[in-house]
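For reference, the structure is listed below as structure tokens.
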Amino acid sequence: MASPMSAGSFLSRLKAEDITVVEVGDWEQHNRNHKGPWGPVHGVMIHHTVTSGSQRTVEICRDGYSGLPGPLCHGVITKDGRVHLVGYGRSNHAGLGDDDVLRAVVAETALPADNEANTDGNRHFYGFECENLGDGEDPWPEAQQDAIARAAAAVCRHHGWTERSVIGHLEWQPGKIDPRGFTMAAMRARVRALL
């Protein structure tokens, strides 16, 4: 059981990992906490946005869209490796996922296949949306992949978690494919090396 870190600690932890951070508006108070609890937190979830253009991507992730209000994550990681903070607290990024996966994340054991959607992930995961079309062809620049690993490591370092607390949306919710274009095993290896 881990309580979410404060917004100030989140910002400090990211900066301590040598990440370029961009604070967007009132990100520290922008959340969906009125829809349910934020915490206890158990891990970090990585997504791709299915968008192109950094400014547009950040705006969508901050504001959301018809049927899914923002924020859609805590940080948006653009292709240049910058982390744009768009919200803090409960955000609409994880949705319902598999309780067996959550138990594995908490225990930091191998993930089972996700075959049901019965558990509120927005409550339990920090979320990073990563600018990419998600078509398997849009490149993932090294600066962006490095920032993804550093952002995940920052959260893990604060909570004393290993890389096993970092998962992709595709490992949480049946039918999801994100992030597409690198494997989560490779990303976890990057996080492990940083930790």
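The values are calculated or read from the model by the stated rules, or taken from the named source; none is laboratory data. Since the model is a prediction, treat every value here as computed from it, not as a measurement. Note that each Cβ is placed from the backbone with ideal geometry, even for glycine, and that neighbours are counted across all protein chains shown. Only protein heavy atoms, including side chains, enter the accessible area calculation; ligands, DNA and RNA are left aside. Shrake-Rupley method; radii C 1.70, N 1.55, O 1.52, S 1.80 Å.
Say the dipole of segment 105-166 comes from +1 at the beta carbon of Lys and Arg and -1 at that of Asp and Glu; which of Thr162, Ala143, Gly121 then lies farthest toward its positive end?
About the Cα centre, the residue reaching furthest to the positive side is Thr162.
Indicate the gyration tensor shape class of segment 133-173 (rounded, prolate or oblate), computed on the Cα atoms with a ≥ b ≥ c the square roots of the eigenvalues: a/c under 1.5 is rounded; otherwise a/b larger than b/c is prolate and the rest oblate.
Numbers: a/c = 4.00, a/b = 1.50, b/c = 2.66.
Oblate, because a/c is 1.5 or more while a/b does not exceed b/c.
Using the Karplus curve 6.51 cos²θ - 1.76 cosθ + 1.60 with θ = phi - 60°, work out ³J(HN,Hα) for each residue of segment 73-85 in order, rounded to whole Hz, and write x for Gly and Pro.
5, 9, x, 9, 9, 8, 4, 7, x, 7, 10, 9, 7
Relative contact order of segment 80-161, please, whole-number percent, based on alpha carbon pairs below 8 angstrom and at least 6 residues apart. Could you put the intermediate results ahead of the total?
Working: 66 pairs, mean separation 28.4, N = 82.
Averaging sequence separation for qualifying contacts and normalising by length gives 35 percent for segment 80-161.
So, for the chain, what is the accessible surface per residue at a probe of 1.4 Å, expressed in square angstrom?
It amounts to 42 Å² per residue over the chain.
Of [x] 0.98; [y] 1.11; [z] 0.92, which is the value of Rg/Rh (Cα atoms, Kirkwood Rh) derived from the coordinates here?
Answer by label: [z].
With a 1.4 Å probe and all protein chains kept in place, how much accessible area does Asp120 have, in Å² rounded to the nearest 10?
Looks like 50 Å² after rounding.
Might you report the magnitude of the Cβ-based charge dipole of segment 152-195 about its Cα centre, with Lys and Arg at +1 and Asp and Glu at -1, to the nearest 20 debye? Walk me through the numbers on the way to the answer.
Values: 7 positive and 3 negative charges, 21 e Å.
It comes to approximately 100 debye.
Rounded if a/c is under 1.5, else prolate if a/b is larger than b/c, else oblate: which is segment 1-94, with a ≥ b ≥ c the root eigenvalues of its Cα gyration tensor?
Numbers: a/c = 1.67, a/b = 1.09, b/c = 1.53.
Since a/c reaches 1.5 but b/c is at least a/b, the shape of segment 1-94 is classed as oblate.
How large is the charge dipole for the chain, taken about the Cα centre, if only the Cβ atoms of Lys, Arg (+1) and Asp, Glu (-1) carry charge, to the nearest 20 debye? All intermediate terms of the calculation are to be shown ahead of the outcome.
Numbers: 19 positive and 25 negative charges, 93 e Å.
It works out to roughly 440 debye.
With a ≥ b ≥ c the root eigenvalues of the C-alpha gyration tensor of segment 102-195, is it rounded (a/c under 1.5), prolate (a/b larger than b/c) or oblate?
It is oblate, given that a/c is not under 1.5 and a/b is not larger than b/c.
Need one value: the accessible area of Ser6 in square angstrom, 1.4 angstrom probe, rounded to the nearest 10.
For Ser6, the solvent-accessible surface is approximately 70 Å².
With +1 on each Lys and Arg Cβ and -1 on each Asp and Glu Cβ, how big is the dipole of segment 80-195 about its Cα centre, in debye rounded to the nearest 20? Walk me through the numbers before you get to the answer.
Details: 12 positive and 18 negative charges, 111 e Å.
About 540 debye.
Where a Cα-Cα gap under 15 Å defines reach, which aspartates and glutamates qualify for Lys176, not counting those fewer than 8 residues away within the same chain?
Asp98, Asp114, Glu116, Glu129, Asp135
As a test question: what accessible area, to the nearest 10 Å², does Asp146 have when a 1.4 Å probe is rolled over all protein chains in place?
Using a 1.4 Å probe on the heavy atoms, I get roughly 50 Å².
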